[in-house]
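Visitor: Here it is: the structure, laid out below.
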Amino acid sequence: MGHCGETIQSFLKKGDVSKVLFVPYALKEYEKYFGNPGVIKYDASGQPIDHTGRPKARLQELGIKSTSIHHAEDPVAAVKAAKALFIGGGNTFRLFKKLHEQNLVDLIRERVTSGNMLYIGSSCGSTAAGATIHTSICMPIMEVPSFRGLGLVPFNISPHYADPEPKAKLHELGFTVSMEENREQRIRQYTDELEDALTTVGIREGTCLEVDGSKATLHGKWPCRVFVPRQEPKDYPPGSNLDFLLSSDA
């Protein structure tokens, strides 16, 4: 969340929202994940090393109030009342199993696409916003009723995208040829081989994608990589106009 704090602040401010409903369902221990405000410890590079209370405390640092859906007596009512929803990272399949059990998938989709609720997602919370979860990086540790995502955008989102290491580097590290499959190859197994595949956006660390109505903009340090089915993938630098992703024929 550290690299996109200002973007989140601006996004919520434009919607006149000061409080978010956090969803910790992607991890097993909800309270430990969400936690309570407190001191966050950082390592030498400025990264938080104390995960307890990280989302709530970080949001508080940004001047954003938050409550967690696991504290609500009625999760459906909580989502209906929320002006902004924030789904945190973890495991995509664990997340969707719980969302389906709570009858929240269709409700979240309706609330966001109708303009009645803002949506923020980090890690698998970003994957969840896509049309499907086919390109999730997560292990399928739990069975879900469908590979359909929340469908807030008409494309797939693959966060934590990492570029392939040069073969020479892999051999230097002791990897053999059979161990050289990379993230790009895995995404292209989907975009190049499935007849009904959708455009997939690989989001690198330190970046975030903002969608506001018919506008889509990349923020951060690095380009995103866009995989259009049966075409060569292409990088788009921060600040690029990515509105084309929102068209049905992207």
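Visitor: Counting just the residues of the stretch 131-152 that are in contact (Cβ under 8 Å) with a residue 60 or more places away in the chain and in contact with a Gly (Cβ under 6 Å, 6 or more places away or on another chain), which one comes out nearest to Thr92 (Cα to Cα)?
Guide: If we take residues in the stretch 131-152 being in contact (Cβ under 8 Å) with a residue 60 or more places away in the chain and in contact with a Gly (Cβ under 6 Å, 6 or more places away or on another chain), then Thr132 is nearest to Thr92 (Cα to Cα).
Visitor: Restricting attention to strands (runs of 3 or more DSSP E) lying wholly within the stretch 180-250, give those where 2 or more residues are touching a Cys at 6+ places or on another chain (Cβ under 8 Å).
Guide: Once the strands (runs of 3 or more DSSP E) in the stretch 180-250 are filtered for at least 2 residues that are touching a Cys at 6+ places or on another chain (Cβ under 8 Å), what remains is 200-204, 207-212, 215-220, 234-236.
Matching residues to (1) buried (at least 23 other Cβ atoms within 10 Å of the Cβ); (2) in a loop (DSSP other than H, G, I, E, B); (3) among the small types (Gly, Ala, Ser); (4) modelled with pLDDT of 95 or more:
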{"residue": "Leu107", "(1), (2), (3), (4)": "no, no, no, yes"}
{"residue": "His134", "(1), (2), (3), (4)": "no, yes, no, yes"}
{"residue": "Cys138", "(1), (2), (3), (4)": "no, yes, no, yes"}
{"residue": "Leu152", "(1), (2), (3), (4)": "no, yes, no, yes"}
{"residue": "His171", "(1), (2), (3), (4)": "no, no, no, no"}
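Visitor: May I pose another question? Would the stretch 20-31 turn up any residue that is more than 16 Å from the chain's Cα centre (by Cα), modelled with pLDDT under 90 and farther than 22 Å from Ile203 by Cα?
Guide: yes
Visitor: Within the stretch 92-105, track down each residue that is surrounded by fewer than 14 Cβ atoms within 10 Å (Cβ to Cβ) and part of a helix (DSSP H, G or I).
Guide: Of everything in the stretch 92-105, just one residue is surrounded by fewer than 14 Cβ atoms within 10 Å (Cβ to Cβ) and part of a helix (DSSP H, G or I), namely Glu101.
The values are calculated or read from the model by the stated rules, or taken from the named source; none is laboratory data. Every value quoted in this text rests on a predicted model; they were computed, and no experiment measured them. All Cβ positions, glycine included, derive from the backbone under ideal geometry; neighbour counts span all protein chains shown.
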